[in-house]
1. Provide the gained length on full extension for the span Leu35 to Lys142, in nm with one decimal, where the gain is 0.36 nm per separating residue minus the Cα-Cα distance.
2. How many nm separate the modelled label positions at Val79 and Arg265, each set 7 Å beyond the Cα in the direction of the Cβ?
3. If each of Val9 and Ile211 carries a label point 7 Å out from its Cα toward its Cβ, how far apart are those two points in nm?
4. Arg235 to Leu291: FRET efficiency via 1/(1 + (r/R0)^6), r the Cβ-Cβ distance, R0 22 Å, to the nearest 0.05?
5. Which order do the peptides 198-210, 262-274, 76-88 take when ranked by the mean count of other beta-carbon atoms within 10 Å per residue, highest first?
6. State to the nearest 20 debye the size of the charge dipole of the stretch 186-300 about its Cα centre, where the only charges are +1 on K and R beta carbons and -1 on D and E beta carbons.
7. Using every Cα-Cα pair within the stretch 186-300, state what percent have a distance larger than 18 Å.
8. Please identify which residues in the stretch 202-245 have an amide N closer than 16 Å to a label point set 7 Å out from the Cα of Thr190, following the Cα→Cβ vector.
Amino acid sequence: MSSELTCPVCHFEHIPRDRDSCPQCDSDLVCFKLLDALPDFPGDSLADLPKDAQPAGQQESGPDTDKRAKSKAPGLPVVLVVIILLIIACLLGYTTHRFSAIQTLVQKLNTDMVLVQDTLHKNPTTIIKTIEEGTRQMGYLKKCVEELVVATKNHEIRLTRIIPEKTTAPEGEMGTLQTINKPEAPCFNTYRATDKDTLWTIARDFYGSGIFYPVLMEHNPDISVYSISSRDTLRYLCDKTRVAGIYKAITGRKQKRPFWNYTVRSGETRKTIIKRYCLNEQDCLIEDNPLEPGMTIGVFLE
């Protein structure tokens, strides 16, 4: 018997007999080795042929023929048993191979799960920091959007003071006029102050709360805030529902203090503005830059 095998599937040669699978195609060689181990059974001899088929003069007597038939009969069950064992061995080999592959896959999945759990346990701080950083960025963006909204409303309020309610323009050679609608100008009433009045009390009486006194300052820029007397006449809005929106548009906060956005008029100086609106000359205006007409500055509210 040779010490090497040849794979019956891919015909790979010089395979050691102690190997159970082909190194090239991974075929199971156990079945083939068992087949090679079976003894070679000789073909039917003349003695096994029927009497009619034997040549003349070579037919044996009845007792000799019965003995050969009896000696040949036990070989058939042995062959069947060997074939069944080979089939069982092949099935067991295939099942073992598949089970081994499934077991390897399960082990890999378990290893990956352990790695993920270790990562979550070792780096919880990093994950939390990432979430907190995203929350802070969202807060900063929200603050920027709110500031843009306030600035837009501020410019909208200031534009309503200079845009007329309606304008007319010629439409053609026929001389017809077309009315062009413009934003409606706010309605104002007037109030003659008394010597006991302050901007706070006037805002409380007409706007429902003294906190809205910067709206009176916005609509009466010539008034001296801390010297209201019976000589002063103030304008106030007819529609109180607009007061809150105007207040938000013209005020802001800096260093936890409220301030009023004031537009510098022609001929005004830092000194005249401070004298009209502030008690503390050293802590009145937010900006230290030179003033120019049309420039918006912050005036701290007392």
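1. Working: separation 107, 0.36 × 107 = 38.52 nm, distance 8.17 nm.
Stretched out fully, the Leu35 to Lys142 stretch lengthens by 30.4 nm.
2. Between Val79 and Arg265, the simple spin-label model gives 12.6 nm.
3. Placing both labels 7 Å along Cα→Cβ, they lie 8.5 nm apart.
4. According to the calculation, E is roughly 0.30.
5. 198-210, 262-274, 76-88
6. Numbers: 17 positive and 13 negative charges, 55 e Å.
Dipole size: approximately 260 debye.
7. Tail of P(r) above 18 Å: 51 percent of Cα pairs.
8. Inside the label zone: 219-223, 229-238.
Readers should treat all values here as calculations from the given coordinates under stated rules, not as data from a laboratory. No experiment lies behind these values; they were computed from the predicted model shown. For neighbour counting, all protein chains shown are included, and Cβ atoms are generated from backbone atoms with ideal geometry for every residue, glycine included.
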